[in-house]
Amino acid sequence: MKKIIDILKFYQDIGVEYTKKINLQDKEDIWKNLENEVVNCKKCSLFKERTNPVFGAGNKDARLMFVGEAPGRDEDKQGVPFVGRAGRLLNELLKDVGIDRKEIYIANCLKCRPPNNRDPLSSELKMCFGYLKRQIALIKPKVIVTLGRYSTYELTDEKAAMGQLIGRVFEFGNIKVVPIYHPAYLLRNPKAIDIFTRHLKKVKRLVEE
Ligand code: SF4
């Protein structure tokens, strides 16, 4: 009984409506239904130009989750998050600090690629955010790393420059949220890689605490 109360409390904390129907389904069914909703989603106009929606990937029981901004060209083609140059750099940096990508879950705020990789619109972020919240509620990670400003703003409600937010520890429900740079930014500013790695090590410690 306590477990059910904890689950209900968690859903309440992050603002997800917890219905009797969801309560009776097992976790895999809930994941499948959620993914189907995304595949068929037409809530914003981005569905018109996407090749594939990019739902998210990784360990659904992860203690550490990464949230990026939106799919890019390679992700849109393959339907998998962080598989382009930025994704490859992220994999290398994760490996450097001893984090196995297979152990984490990665998703984006937007599930469909904005044309020509333009910045997400606030209306698009608002419409898509419910999917991410439900992914978080299912995974229940201990720590979320937000990659770049869009996911940071969505999950922390802070609107300051990334330089002022990076490495700080925020809370989303009972989950710790740590903003760091987006790997695409690191491709343009390799000098920031050391800062990224330093904060990634701190994140690893937070997960292991
Ligand atoms: S970006 Fe999100 S809200 Fe917009 S169509 Fe894709 S899944 Fe739906």
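May I ask for log10 I(q)/I(0) of the chain at q = 0.10 Å⁻¹, from a Debye sum over the Cα atoms as equal point scatterers with solvent left out?
Those come out to -0.41, one per q.
Calculate the FRET efficiency for R63 and E37 from the Cβ-Cβ distance with a Förster distance of 30 Å, rounded to the nearest 0.05.
Working: r = 26 Å, r/R0 = 0.85.
Step by step, r from the Cβ atoms, then E = 0.70.
Given a cut-off of 19 Å, name the pairs among K77/K133; K60/K126; K95/K204; K111/K142; K142/K202; K142/K191 whose C-alpha atoms lie farther apart than that in the structure shown. Each step should come with its number before you reach the end.
Details: K77/K133 24 Å; K60/K126 24 Å; K95/K204 12 Å; K111/K142 23 Å; K142/K202 14 Å; K142/K191 29 Å.
Pairs exceeding 19 Å: K77/K133; K60/K126; K111/K142; K142/K191.
Highest GNM mean-square fluctuation, the chain, Cα pairs closer than 10 Å: which of E75, E35, E92?
Checking each option, the largest mean-square fluctuation is seen for E92.
Which residues does the label zone of E49 cover in region 92-135, counting backbone N under 13 Å from a point 7 Å along Cα→Cβ?
112-121
In whole Å, how far is the Cα centre of region 92-123 from that of region 49-88?
5 Å
Name the longest site-free stretch of the chain, where the excluded sites are trypsin sites (Lys or Arg not before Pro) in a DSSP loop with no more than 11 other beta-carbon atoms within 10 Å.
Working: sites that count: K42, R118, K159.
Answer from the scan: 43-117.
Mind checking which of G167, G98, G148 has the largest fluctuation in a GNM of the chain, springs on alpha carbons under 10 Å?
G98
Given 0.36 nm per residue, what is the gain on full extension from K201 to N117 after removing their alpha carbon distance, in nm? Could the numbers behind the result be given before it?
Working: separation 84, 0.36 × 84 = 30.24 nm, distance 2.95 nm.
Here the answer is 27.3 nm.
Since every read-out is calculated from the coordinates, none of them should be taken as a lab result. The structure presented is a predicted model; accordingly, all values stated were derived computationally and were not measured. Cβ coordinates were reconstructed from backbone atoms using ideal geometry, including for glycine residues, and neighbour counts include every protein chain displayed.
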